[in-house]
Amino acid sequence: MTESEFLDLSDSVFAKIEAALDDSGLDVDTLLSGNVLEIEFEDRSKIIVNRHSANQELWIAARSGGYHYRLQAGVWQSTREAGEFYADLSKAISAHAQEDFRF
């Protein structure tokens, strides 16, 4: 995949996250700045979603740890363990918000 294709794909991931959070009714604020999407919760905790263009990966940083994902067969799969980006991000958002959240 070219860098341009990766940027387009990751832009759509960021847009999907923001739309899902807007639709959820959770009390969160999002800030997209360049390669970083910050999700801030009512208690001021944050989840950071970052795109790493050089490796063509998406990264999540949350209370539970840091996670890396690479697109494989159309799915953002964890590079370190069994896990899928949206499922893992849903778990992290649920933990921070103390409410159920799913994409």
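A compact table of results
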| read-out | value |
| --- | --- |
| Percentage relative contact order, the chain, counting C-alpha pairs under 8 Å, at least six apart | 17 |
| D (Stokes-Einstein, µm²/s), Kirkwood Cα radius, the range 1-92, 0.890 mPa s at 25 °C | 182 |
| Between 0 and 90°, nearest 10: helix 3-24 axis offset from the chain longest Cα axis | 20 |
| HN-Hα J in Hz across the range 85-90 - Karplus 6.51, -1.76, 1.60, θ = phi - 60°, x for Gly and Pro | 3, 5, 5, 5, 5, 4 |
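Read-outs throughout are calculated quantities, based only on the coordinates presented, and are distinct from any laboratory measurement. These numbers come from a predicted model, not from an experiment.
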